[in-house]
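Notes for the one structure printed next.
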Amino acid sequence: MQMHDLQRLLSTARCRVFGYEDASNDAQRLVLAALIQGFDHPEATVLCEPSLARSGKRPPDAVLVDPVAGIHVVEVKGHDL
């Protein structure tokens, strides 16, 4: 998935999405798209690479916050199974 495809999806998304511009590869953008499509309601939030300002560690690739599903931390690896 290319960045312009993700941006097109975001233009109609009802959930909140932060940091999508940090999705640096196709695999990460595909996972973000799946989260956005699967949790497309105003109460859901998808965070891409959220980090703490003082942390020297790499943040998770994505975090989903949903009032029903809870909080899910997703680490993306672009390998075939």
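The values are calculated or read from the model by the stated rules, or taken from the named source; none is laboratory data. Note that the coordinates shown come from a computational prediction; the quantities given were computed from them, not determined experimentally. Neighbour counts run over all protein chains shown; Cβ positions are idealised from the backbone, glycine included.
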Members of the stretch 21-51 that are part of a loop (DSSP other than H, G, I, E, B), in contact with a Cys (Cβ under 8 Å, 6 or more places away or on another chain), under 20 Å from E75 (Cα atoms) and not aliphatic (A, V, I, L, M): F39
Those residues of the stretch 1-26 which are surrounded by 13 or more Cβ atoms within 10 Å (Cβ to Cβ) and among the β-branched types (V, I, T), in sequence order: V17
Evaluate the following for A69: is it out of contact with any Pro (no Cβ under 8 Å at 6 or more places or on another chain) and either among the polar types (S, T, N, Q) or free of Cβ contacts under 8 Å to residues at least 12 places away in the same chain (or both)? no
Taking the stretch 27-60 and keeping residues loosely packed, with under 14 Cβ neighbours inside 10 Å and at pLDDT below 95 leaves L52, A53, R54, S55, G56, K57, R58
Those residues of the stretch 1-20 which are free of Cβ contacts under 8 Å to residues at least 24 places away in the same chain and in a helix (DSSP H, G or I), in sequence order: H4, Q7, R8
